[in-house]
Amino acid sequence: MNNYTKVYGGGLGSVDGMGMVTTFGVGVEVKDGKVSGHFLCSINPPGPEMIVNGPVESAEFEDGKVTIKGTDKTWGAYTAVLGNGKLDLEWTKPFGPKGDTHITETDALAVVKFE
């Protein structure tokens, strides 16, 4: 584990050329082995909006990336990997006509900082 104790920021991007626009925000602190923080991602496909939103329950830092895990009341457990200009997000319950449970945001205009 690197010496990172905080990660915070947000971004705006699109999802793998699928016509979806996303915005996300994150703030996580690890202090004395305890994790606190929050994650929010709004996914705006053609059709209804989906929001993954919940407290961060765990965080792992490696190679300039952070993997956070938590639980959203509607979509279930989520895992988000942030770093290197990219957001990978998985959740439990299917969403949309294809029953999606994963997105990769590759052209994020993101500011995510590690301390």
Going by average Cβ neighbours within 10 Å, how do the peptides 28-38, 52-62 rank, with the highest at the top?
52-62, 28-38
Pairs from Lys69/Lys98; Lys6/Lys65; Lys31/Lys86; Lys34/Lys93; Lys34/Lys73 whose Cα-Cα separation, in the structure shown, is over 20 Å:
Lys69/Lys98; Lys31/Lys86; Lys34/Lys93; Lys34/Lys73
Restricting to Cα pairs under 8 Å and 6 or more apart, the percent relative contact order of region 34-79 works out to 29
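Read-outs: derived from the displayed coordinates by stated rules, not from any lab. Predicted model, so just to flag it, every value in this text is computed and none were measured. In this analysis, Cβ positions are derived from the backbone assuming ideal geometry, glycine residues included, and neighbour counts consider all displayed protein chains.
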